[in-house]
Every structure is written in C-alpha cells, then in structure tokens.
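Everything on this sheet refers to the single structure shown next.
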Amino acid sequence: MKNKRNVLYSLIVMLAGVINFPVQAQQKNGVQDAVETKAISTSHGPNGIVRTIKQDRNGNIWIASWEGIFKYDGKSFTNITSKVSSARFFSVLEDRRGNFWFGSIGSGVYYYDGKSFKNFTTKEGLAGNEVTNIYEDKTGNIWFGTGSGASRYDGKSFKNFKMKDVPAPTDADSVRGSVYQRQLPEGSWMHNDVNAIVEDKIGKLWFGTRGYAFIYDGKTFTTITNKDGKHFANVRSIIKDKKGNIWLGGYDGLWRYDGSTFINFTQKFVGYIYEDKKGNIWTSSESANARGWVLSRYDEKTLSNTRPTVTEITNKPMIFGILEAYDGSIWFGAFDGVYRYDGSTITDFKGKLDHK
C-alpha cells in the first residue's frame, strides 16, 4: 500500500511551479534570432531547481535549470541563456546534427546552433509554451512534450497531436495527489499534458502524460494498461533500455515491458528513470521512510529476479534528471542545484562536499 500522505506531498512538490495557469512568458513570443554575446561563466553551477542533465558529443554537461541553461566543460559553468531569456528551463536535447533544443515553461522552445538562438512558440505552431520533454525519433523528427499535447517538428513546420480530444487546461485547473486514487475522467486535460516520449524497437511511440500513458502507431493513440488491466497514471518518465525493454515510472511505481508482459519493481512514486552503460537502472523515487526522495540503483545482474538488488545512494527533498557521464560518474538534479556521484562521494559544486 502506498503511503497516501507521502504520495500527496510528493506530487504537490513535484508539480509546484508547473501547473500555475496562466504562465506569463517573460519574453515576446515568435521566432527570434539572438546572437550570443557574453555568456556568464562561473565556478559553480545553478543554485535553483535542476530538471534535466545531458552530455554532448564533445563531453560537455548541459543542465536545464530554473536559472537558465548551463554548460559545464569540466572546469567552469557557463549560463548559455543568461542574455536570451529569463524563463525556467526544464529540458535539453542535442540533435543528430549537433544543434541544441531547450524547453522552457512559458516561453516555448529555443533552438541553439552554437552561435545564435531561435525561439519557437505557439505562434509558430508549437502545441503549447510549457515544454517539459524533448525527444528525437529514428528519422530525425524532434518531438516536444507540452502541457497541451505533443508537437513534431520536421525541420520546417510543427504537427500537433492530442492523446485525447478534450478541452485545454484553464486558469482554474489544478492537480491534487488524491485525483490519481480513482479513475481519471476521459475528458480530463491531463491526458494531453505530456511528460515523456520514447520510440520503441518496432517504431511505435510511447507517451507518458499527467493523465494516462499512450502508444501511438502512426494513426491511433491507445491507452496502456498493466497486467491487471489498470491504467498507468501520471507517468513522469519512459525509457527504452539496451535490450529494447520499455520502462515506465510514475504514480504507479516502476514498471518494465518486455514486449509481452509488464513487471512491477516498486509501487513507490518514480519520477525519473535512467539506464547506465552496465545496464543498471537508476531511479529517483519517493522514500519509504518519509525522508523526501531517494536516488536508487537497480543492479543489472538481478533484474530478472523477483526481488532485484537495489542500492539507495542518497536522499534529497526532491531528485530530478539523472545522467551517467563518460567518466562513469552519476549526475542528478535537485531543488538546490546539480550533484555528481563518483561512487563514494557526492559533490554539489558549491564549494563543499555532501557525503551520503
């Protein structure tokens, strides 16, 4: 049984700042070119919420935070967007051409070629200006998960998708943890609030939303249910592992789909999933002892067991995106910045060490 009080608290905290309607963009909408002038470099990383962490082909670490997009070159941090936007950033992607996409809350998405920026919003066809997830499919299309559906960009224009044909969210809409304790209305706007997108090994797209999870075969969206016929609610993260299995994390815990069967690993709320080079599965999830959230590692060699070996690395009030860098260290985001775990020590980039 879930601890309802902890689940409610975790949901409220996770959703804070995301479902504030209406969101006021602090920059004019529309495509905007802005030549990068003098980005701000510092010896420390962001001090606020960090949502996503990625490493580019050159080894730089990119951090999407509420203070901007930071790039870490191994020596210093540079706020890439400091002269471009004061928006809160949630997502970052390096596409196959080496260009970058930054998703913001309220200001749409920013395209960055290393020199200049372009800002795409609903005026250019984006489904919504709250962009929490960015994904590139096998053919090179860029997908954006927004609060009002998904957008696919082919390099020229956007095509938008709704999982459900329902009204858009309004100023009065809000999310409470208790809403997931019963079946969600078919007409809820939450079914189009996209948190995660991934393409499976046969080319179908999986969408995790604040409502339910869906599979798109190119024509139809189908609601996903587990082995008991229950919908997956508030799916926050979806990944495809090296073997082609699909992992889902959200209100109903951590699940793996091998192409025929769903297997549950925990019923605790899971906010983020990541597979490292060895095949271990890392998660951020609510802690069983009411100490906030925990960063956990599921040992790859035991994933076929009924009860796999799980190592809890650290607890924080909240843990967001996870990344394994090329050197094997694990990076993760929190309320107060970015952290790096080298296997024994956790570094917070604020001039002090935080031991587990």
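Each value in this text was obtained by applying a stated rule to the coordinates, not by laboratory testing. Given the structure is predicted, the values throughout are model-derived calculations rather than measurements. Every residue, glycine among them, receives a Cβ derived from its backbone with ideal geometry; neighbour counts consider all protein chains shown.
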*asked:* Highest mean first, how do 129-140, 150-161 rank when packing is the count of other Cβ atoms within 10 Å averaged over residues?
replied: 129-140, 150-161
*With +1 on each Lys and Arg Cβ and -1 on each Asp and Glu Cβ, how big is the dipole of the stretch 212-342 about its Cα centre, in debye rounded to the nearest 20?*
220 debye
*Roughly how many Å is it from the Cα centre of the stretch 276-304 to that of the stretch 113-158, as a whole number?*
31 Å
*Looking at the stretch 182-290, which GluC sites (Glu not before Pro) are in a loop (DSSP not H, G, I, E or B) and have at most 15 other Cβ atoms within 10 Å?*
Glu186
_Other-chain or far-sequence residues with amide H under 5 Å of Thr81's (modelled H)_ = Ile69
*Entries in Lys118/Lys159; Lys277/Lys350; Lys240/Lys278 that, when Cα-Cα distance is taken, lie over 22 Å*: Lys277/Lys350
_Explain nothing, just compute: Karplus ³J(HN,Hα) = 6.51 cos²θ - 1.76 cosθ + 1.60, θ = phi - 60°, for every residue of the stretch 291-301 in order, whole Hz, x for Gly and Pro._
9, x, 10, 10, 8, 10, 10, 9, 5, 4, 5
*Treating the beta-carbon of each Lys and Arg as +1 and of each Asp and Glu as -1, no other charges, what is the dipole magnitude of the stretch 89-173 about its Cα centre, to the nearest 20 debye?*
320 debye
*Express in nm, to one decimal, how much length is gained between Asp95 and Asp137 on full extension, taking 0.36 nm for each residue of separation and deducting their alpha carbon distance.*
14.1 nm
